[in-house]
């Protein structure tokens, strides 16, 4: 098997910046979250928000990607917000309370503190991708773009092997409504999915449905499976291209 190569941004110089923490009270979830935020030295109102944020940084080097890409002039300066997952298997599984918390509380708080109310670009993988689209359909205002990696867009015709998951039925009901819909609150969207993973069919189906509803969707079948190395390696060029579309 060919050894996986590190992406080129791994060795590029990084833009100057610093880390801080933000405390977020979320009444819809009766929870308080603490998000780590990387901010570039250059003032900016652009914000990239990551579901499973600590894992995106630990396993996919999201902060390093952003700092290197900014320094190289590939993307505009932006804040990177690492949202912790909390009760992930509940919150991220098409849970209406989480959609309210994210869309009506978390993102508005982040926008107020970091961007002066400017909509954000959001990134998520697996259930984290599902949850972002679920929220954006219900509360579209805070979103400027979506980067969805290997989303768990379960459908019975593709994903009966997932039926033992506790929130399988809520997910397939919601996904079914989306793919049958004639329209939606379109934003620029990039989707990636590994050619070796079970989610490939449901991701292709969702991408086709969103395109039919007016979303400008870019879909990329990438090497690898449902794992952090594959998601990391897809950040450039795919997240880079989305950010250049949204933040020219």
What tally of residues in segment 112-162 results from selecting those that are modelled with pLDDT of 95 or more, assigned to a helix (DSSP H, G or I) and more than 26 Å from residue 42 (Cα to Cα)? 12
Of everything in segment 1-12 that's surrounded by 11 or more Cβ atoms within 10 Å (Cβ to Cβ) and assigned to a loop (DSSP other than H, G, I, E, B), which residue is modelled with the highest pLDDT? 12
Could we say that residue 248 is within 20 Å of residue 128 (Cβ to Cβ) and outside any helix (DSSP H, G or I) here? no
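Quick check on segment 234-248. Is at least one of its residues more than 22 Å from residue 139 (Cα to Cα) and modelled with pLDDT under 95? Walk me through how you get there before you give the answer.
Looking only at segment 234-248, we keep the residues that are more than 22 Å from residue 139 (Cα to Cα), and these are 234-241, 244, 248.
So of that shortlist, the ones also modelled with pLDDT under 95 come out as 248.
The answer is yes, given that some residue of segment 234-248 is more than 22 Å from residue 139 (Cα to Cα) and modelled with pLDDT under 95.
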Any residue that is within 15 Å of the chain's Cα centre (by Cα), at pLDDT 95 or above and under 12 Å from residue 179 (Cβ atoms) - is there at least one of those in segment 193-204? yes
Among the residues of segment 64-88, write down those that are surrounded by fewer than 22 Cβ atoms within 10 Å (Cβ to Cβ) and either touching a helix residue (DSSP H, G or I) at 6+ places or on another chain (Cβ under 8 Å) or within 23 Å of residue 133 (Cα to Cα) (or both). 64, 72, 74, 76, 77, 84, 85, 86, 87, 88
Considering every residue within segment 14-29, establish whether at least one is within 27 Å of residue 177 (Cβ to Cβ), out of contact with any helix residue (DSSP H, G or I) (no Cβ under 6 Å at 6 or more places or on another chain), at pLDDT below 95 and surrounded by fewer than 15 Cβ atoms within 10 Å (Cβ to Cβ). no
Report whether or not residue 182 is more than 19 Å from residue 231 (Cβ to Cβ), surrounded by fewer than 22 Cβ atoms within 10 Å (Cβ to Cβ) and in contact (Cβ under 8 Å) with a residue 24 or more places away in the chain. yes
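The values are calculated or read from the model by the stated rules, or taken from the named source; none is laboratory data. Every value quoted in this text rests on a predicted model; they were computed, and no experiment measured them. Every residue, glycine as well, gets a Cβ built from its backbone with ideal geometry; the counts of neighbours run over all protein chains shown.
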